[in-house]
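Undergrad: There's a structure below that I have some questions on.
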Amino acid sequence: MKEDDADDKTCKGKGGMTRRGFLGSLGLGAAAATLSGKLLSPTPTSAATQVMPAQETTKLALRINGRTHRLLVEPRWSLLYVLRERLGLSGTKVGCERGECGACTVLVNDVPRYACLTLAAEAEGAEVTTLEGLMDGEKLGPVQQGFLEQDAFQCGYCTPGQIVAVEGLLRVKPHPSPEEIRRGVSGNLCRCGAYNHIFQAALRAAELRRRM
Amino acid sequence: MEKSREGTYYAQGSPVPETPSSGAGSAPWKKTRVVGTARPRVDAYERVSGAALYPSDIVLPDMLYGAILRCPHPHALVKRVDAEEALRMPGVRAVVTGSSPEAKLAWPYSQEVSTLLFDPHCRFEGEAVGAVAAETPYQAWDAVRAIRVEYEVLPFVVDERRSMEASAPRVHESGNRVKRESYERGNVERGFAEADVVLEQAYRSECELHTPMELHGCVARWDGDRLTIWESTQGVYRVQERVASVLGMPLAKVRVIGHYMGGAFGSKLQAGKYTVIAALLARKAGRPVKLFLTREETYLAAGNRPPSNMRLKAGVKNDGTLTAFDFSCTGTGGAYPAGGVALVDWLVRDLYTCPNVRTECTDVYINAGPARPFRAPGHPQGSWALEQMLDALAEAIGMDPVDLRLKNIPTQSQARAGNPRYTTTGLRQCLEEGARAFGWKEARRQSAASRTRGHLVRGVGMAGGLWFAGGGGPPSTVIIRLFADGSVNLNMGASDIGTGTKTVMAMVAAEELGVEPEMIEIENADTGTTQYATASGGSKTVPTEAPTVRAAAVDAKGQLLAMAAEDLRLDSRDLLFEGGTVVSARDPSKRIKVTEVSALKKRGVIVGVGYRGPNPENRVVNPFAAQFCEVEVNTRTGEVKLIRFLGAHDSGRVMNRLTYESQVIGGITMGIGFAMTEVRVLDRSQTGKLVSRSWHDYKLPTALDAPGEVVSLPIEIDDVEANSAGAKGLGEPVTIPTGAAIANAVYDATGIRVTETPIDPMRLSRLLAGKRKEG
């Protein structure tokens, strides 16, 4: 991958999840949801497909933080709902459920994504990483440690999303510039207004990560 | 006057028990070991690891999900509700509407006005009409959409500027005026006659929404006749009181837990209808119910900062002496009495020395969701007018804006009866030291020079401020338990709303007990297990709870020293408790480890109790502030870039330098939203409905809007008169002067006075174009 491509990924609206990209993925998700049999066909099928009732559940295997979870889902369930309410992974927070705030940011194959705009079915076959997945046992990961040291939060509710967004950024940009950090977390709202400490935390996290 | 006003904010309607006096007050700390240092939060690990369970994270066995059906019209009568189909839908376990017997409850919108919980008369878009509990939130919303409601749609008024017109539809049968408050001192006409310069200007600030990151709501569970609620709240005891009173239950049967909460800014000081509705659904279904609003619902029905339409006339002499202020304001708290003009005039009345002041504030009804207190109610609005006016006066008399403010610094509260003295007034230091640290004079010269070059022009601006409250006060009770191994459990009812309350309290206890903060575990914000506290709001949590924690620690320590004195056969007054050991002050060789104290070993634990003592009589405890900023305006696009900000704050003793700085950064960021991005838009002519229904349309400052640099400059004055911790409030003063400072900087850069919020590219490019036309 050329450096330019990486730039493109991290800078267009929070590390990869662009609005256009979302609309594209929603199209795929909606199409997947209409399939009566197997979910998430690699190619969207024609409109003639049989419509699956909302409440009909289907089997799904999700790979989250390195573990496989098998569960029954309604095709309309979001990844956010499944993580929080079905699997008890409450580190991923709910802020708007419409792709505006980033409190639900998770990594899907290393790319930050809004879990509220990702159908659980869309995540099948992908490697999902949540805040909990950044821990090393009971030990904080480097980004979490950076946030702790710099007091990069107040109420702490947007914090998991901010941390995951920074993690996603550092995975493609281990030496981010201040401007890249700003862009990297620009899809994550913080109403307490901790942004300036978040920037410092991201710099500190980059330093801690390099030492690992 | 000030009593009743204070009552309207963080303690209204709450039965406030007196606490016993705190006994002998502790002398101010001379040298501190822990207090005043910069420390990461005691609960930082929980918050960054995901271990912290916020109320919205709670998942209980067998739990259902609730959803509320809301009126889609700004003004309507509910004629008929048909929930038959909804009841038969998959997963639906309970439905409540206005015709459900258990829902026939009175809901107190204010002390004077109550309606039914599901009132047929819906006076704002988003009023609750019914609710559903189902196995999943998806099924609950399916069922809400299946409830058929017949409405008689009524005419509406959603613009407070038109609410008093004769043709305006009535929100309440009694008319649209809530109240008119006036205040006067001296003789304003004489004051204007004495002035060398008199200016008059209209200002407007838009309605803002709180939008904390965690949604409003709760989880409710019944065990027989006992109700437990996990609520995202600033004050568990206030939620308990409201729920118990609406449901007619004994306080002891309602337990409210709110260990963590994801932001509020004043919008979660009280239980919501959603709290009671969750409890009703849970009782009806016989299962726990989680009910959190959607983001859009919070925009409609979970509070706002009222819009303010202000006019200010001011007189000044050529030497900078202020001679008169004449101020008026019209505002609205929405469809019910909710402080639509609360404290908007306070800064005009009290911030600067001025003998002749008149204010008149008119609060009106409109068909929109009720306001809730929003971080420093009234103050950012009043500051928007007053501080821009001061800037204009300074220019008119050829004086530096900082010098004009320095000329008019009060040492007593002019607007309160008897003109009581402030315990401390750090306003002068905030202005002087802030200007020095910012490089004010040099920055003014440089920005003036930048204006001759191209389309990117620089400007600097500043504003002063004070917060009307911020001294805290009784009641509060704290219990400290000292275990036989020297570790400590601190038990308090106060919520940590993100300001670092728990950390500061651990530091206070550690300071007093001579142990490390890591040895202290905190239980808080649970009416079932922690002590009484008022809600965390009004910038009063640190000045209320810190002295109380200190008193509890002093009590526990006293008991320990008495026990150790028996073992050491010494007078307990000769003993100190340091680093887990009791030592004789006179002979340090005489010492005993806390783990060896025989009476403590026998008893297992020492229980120390602290009460918040009264505030000093005839004194006012207020925090003061000055903020400075530099902007760069693109005169082609109207974009404003915030280059740097400096906040100089006198909030008494600095308790934790790190969280203090976080508060300053956060307050300034929120002030940027007030000044530059945030507008609640109601469709005032066609539908009366909310237009800005999401964070896409209601814009918060993002990481890209944060200033290039924010500097916190604490003006540390140990306020020994205020309380035994020497601290005043910080959370609200940090957001008060921000908006006006930005407006003044934009004026400095462009020569354009932006008197209406928000200063966004659309407005500013229009104003810039107008100015070019004028030439």
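Where a number appears in this text, it was derived from the coordinates with a stated rule and is not lab data. Being a predicted model, the structure only gives us computed values, none of them experimental. Neighbour counts are summed over all protein chains in view; Cβ atoms, including those assigned to glycine, are modelled from backbone coordinates with ideal geometry.
Undergrad: B:Gln446 versus B:Lys641, label points 7 Å from Cα toward the beta carbon: distance in nm?
TA: Modelled inter-label distance: 1.4 nm.
Undergrad: Express in % the proportion of alpha carbon pairs of the range B:472-611 at distances exceeding 19 Å.
TA: Of all Cα-Cα pairs in the range B:472-611, 48 percent lie more than 19 Å apart.
Undergrad: Can you give the local net charge around B:Met563? Use residues other than it whose beta-carbon is closer than 10 angstrom to its beta-carbon, Lys and Arg +1, Asp and Glu -1.
TA: Numbers: positive: B:Lys601, B:Lys602, B:Arg603; negative: B:Glu566, B:Asp567.
Computed value for this residue: +1.
Undergrad: Tell me, B:Ser100, A:Ser78, B:Ser450 in order of fewest to most beta-carbon neighbours within 10 Å? Walk me through the numbers on the way to the answer.
TA: Values: B:Ser100 18, A:Ser78 25, B:Ser450 14.
In increasing order of surrounding Cβ atoms, one gets B:Ser450, B:Ser100, A:Ser78.
Undergrad: Taking the Cα centre of the protein assembly as shown as origin, work out the dipole magnitude from +1 charges on Lys and Arg Cβ and -1 charges on Asp and Glu Cβ, in debye rounded to 20.
TA: Using only the charged Cβ atoms, the result is roughly 640 debye.
Undergrad: If you don't mind, there's one more thing I want to ask. Within chain B, which whole H helices from DSSP have a Cα span along their axis of at least 30 Å and a mean Kyte-Doolittle hydropathy of -0.5 or more, if any?
TA: Numbers: long enough: B:541-568 (39 Å, 0.31).
The qualifying helices are B:541-568.
Undergrad: What residues of the range B:529-565 lie in the reach of a label at B:Val720, counting those whose backbone N is under 11 Å from a point 7 Å from the Cα along Cα→Cβ?
TA: Label zone hits: none.
Undergrad: How big is the Cα convex hull of chain B in projection, averaged over all directions, in nm²?
TA: Values: hull surface 140.3 nm².
Across all orientations, chain B yields a mean hull projection of 35.1 nm².
Undergrad: Using only the C-alpha atoms of the protein assembly as shown, find the volume of their convex hull and express it per residue in Å³. Kindly include the intermediate steps, with their values, before the conclusion.
TA: Working: hull volume 184.6 nm³, N = 987.
Convex hull volume per residue, Cα atoms: 187 Å³.
Undergrad: How many nm is it between the label spots at B:Leu116 and B:Arg177, if each spot is 7 Å from the Cα in line with the beta carbon?
TA: 3.2
Undergrad: Sort B:368-377, A:201-210 by the packing proxy (mean of other Cβ within 10 Å over each peptide's residues), most packed first.
TA: Values: B:368-377: 28.2, A:201-210: 20.2.
The most tightly packed comes first, giving B:368-377, A:201-210.
Undergrad: Say the cut-off is 29 Å between C-alpha atoms; which of B:Lys313/B:Lys540; B:Lys79/B:Lys268; A:Lys173/B:Lys641; B:Lys313/B:Lys771 go over it?
TA: Numbers: B:Lys313/B:Lys540 33 Å; B:Lys79/B:Lys268 32 Å; A:Lys173/B:Lys641 26 Å; B:Lys313/B:Lys771 24 Å.
Over 29 Å apart, Cα to Cα: B:Lys313/B:Lys540; B:Lys79/B:Lys268.
Undergrad: Neighbouring Cβ atoms within 10 Å as the yardstick, rank B:Trp230, B:Trp346 fewest first. Before the final figure, lay out each step's value.
TA: Numbers: B:Trp230 28, B:Trp346 24.
Starting with the residue having the fewest Cβ neighbours, the order is B:Trp346, B:Trp230.
Undergrad: Once you list every other residue whose beta carbon is under 15 Å from the beta carbon of B:Ala83, what net charge do they have if Lys and Arg are +1 and Asp and Glu are -1? Don't skip to the answer; put the middle values down first.
TA: Working: positive: B:Arg70, B:Lys79, B:Arg80, B:Arg88, B:Arg93, B:Arg145, B:Arg148, B:Lys284; negative: B:Asp82, B:Glu84, B:Glu85, B:Glu102, B:Asp142, B:Glu150.
Result for the local shell: +2.
Undergrad: Sticking with this one: When B:Lys313, B:Lys773 are ordered from fewest to most other Cβ atoms inside 10 Å of their Cβ, what list results? Walk me through the numbers before you get to the answer.
TA: Values: B:Lys313 18, B:Lys773 7.
Ascending number of Cβ neighbours within 10 Å: B:Lys773, B:Lys313.
Undergrad: In addition: How about the range B:427-499: which trypsin sites (Lys or Arg not before Pro) there lie in a loop by DSSP and see at most 11 other Cβ atoms within 10 Å? Intermediate results must be reported in sequence, preceding the final value.
TA: Numbers: sites: B:Arg428, B:Arg436, B:Lys441, B:Arg444, B:Arg445, B:Arg451, B:Arg453, B:Arg458, B:Arg481; in loops: B:Arg451, B:Arg453.
Answer in residue order: B:Arg453.
Undergrad: Also, I was wondering about something else. Cross-link candidates for B:Lys590: which lysines have Cα within less than 23 Å, leaving aside residues fewer than 8 places away along the same chain?
TA: B:Lys557, B:Lys601, B:Lys602
Undergrad: Could I ask something else about it? Could you please report the charge total around A:Leu170, scoring K, R as +1 and D, E as -1 over all other residues with beta-carbon less than 12 angstrom from its beta-carbon?
TA: Values: positive: A:Arg171, A:Lys173, A:Arg204, A:Arg209, A:Arg210; negative: A:Asp110, A:Glu167, A:Glu180, A:Glu207.
Here the count lands on +1.
Undergrad: Could you give the size of the charge dipole of the range A:142-211 about its Cα centre, using +1 on the Cβ of each K and R and -1 on the Cβ of each D and E, expressed in debye and rounded to the nearest 20? Mind showing how you got there, number by number?
TA: Numbers: 9 positive and 6 negative charges, 36 e Å.
Using only the charged Cβ atoms, the result is roughly 180 debye.
Undergrad: Describe numerically, in nm with one decimal, the distance between label points set 7 Å from Cα along Cα→Cβ at B:Ser598 and at B:Arg80.
TA: 8.5
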